[in-house]
Amino acid sequence: MQILKQEQIIKHQLPELGYAYNSLEPFIDTKTMEIHYTKHHQAYIDKLNTALEPYPELQKKSAPALLKNLDSIPESIKAAVRNHGGGHFNHSFFWPLLRKNTPVTGKDIEKAITKKYGSYENFRQEFTKASLSLFGSGWVWLTIDKGNLEIIQTNNQDTPISSGKTPLLAIDLWEHSYYLKHQHKRASYVEDFFNVINWNKVNELYINSNGKF
Ligand code: MN
């Protein structure tokens, strides 16, 4: 007898962080990591779960599945899914991108970046410029779309997967990501961010994305 696999209701929850809050010091401070992960990320998850409660069919879908099909979400919860579902997905994507001492040198993603931007240094400048020119809260991303690398900005918790792009790298530019250590100095945070990019992870995402196109 064949047993049909039933889709289960998902209660969205915090993913494993995978490292200690202090492991990104001195670039991202311990207290910021703890509050960002346990309070801000958790709040997006709680609000997403609450919004989905009246919709059992939508409770069976992953955050990416919801965000890739925002048009199909009922108007009554569309903003909540976009903001809190986006917040959940974006932060879940962001945490594994952070690690010290994982340089870009010699990796496939370095070759792709050099091909597109001329040099890693040029890429760093372009990514920084996009990060400093984003008005208000949001994110800057390195995405890949049909093999083409692109630096893009999103506002609030909007996410590139809603527009069909595959993210490889992200920087959270909400002040809650840096205010305790860097206060109003976003440039100082962005500079420090380049010391904690986990290029092993970015490279892995890049290699896996290649197979899709
Ligand atoms: Mn954040």
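The values are calculated or read from the model by the stated rules, or taken from the named source; none is laboratory data. Just so we're clear, the structure is a prediction, and the values are computed from it rather than from any experiment. Note: ideal-geometry Cβ built from the backbone for every residue, glycine included; neighbour counts use all protein chains shown. The accessibility values were calculated without ligands, DNA or RNA, using every heavy atom of the protein model including side chains. Shrake-Rupley method; radii C 1.70, N 1.55, O 1.52, S 1.80 Å.
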Strands (runs of 3 or more DSSP E) contained entirely in segment 111-179, each with at least 2 residues that are open to solvent by less than 70 Å² (accessible area, probe 1.4 Å) and closer than 18 Å to N195 by Cβ: 138-145, 166-172
Set K115, K47, K39: member being over 15 Å from the mean Cα position of the chain (by Cα) and assigned by TED's automatic domain parsing to the domain that holds I151: K115
Residue check for V196: within 16 Å of the ligand (Cβ to nearest atom), closer than 21 Å to H41 by Cα, surrounded by fewer than 19 Cβ atoms within 10 Å (Cβ to Cβ) and β-branched (V, I, T): yes
Selected residue (only one of K47, K11, K61 is charged (D, E, K, R), surrounded by 12 or more Cβ atoms within 10 Å (Cβ to Cβ) and not in a helix (DSSP H, G or I)): K61
Residue match in segment 22-40 (condition: closer than 28 Å to I207 by Cβ, surrounded by 14 or more Cβ atoms within 10 Å (Cβ to Cβ) and away from the ligand (no atom under 15 Å from the Cβ)): yes
Yes/no for F89 being part of a helix (DSSP H, G or I), closer than 14 Å to H12 by Cα and not aliphatic (A, V, I, L, M): yes
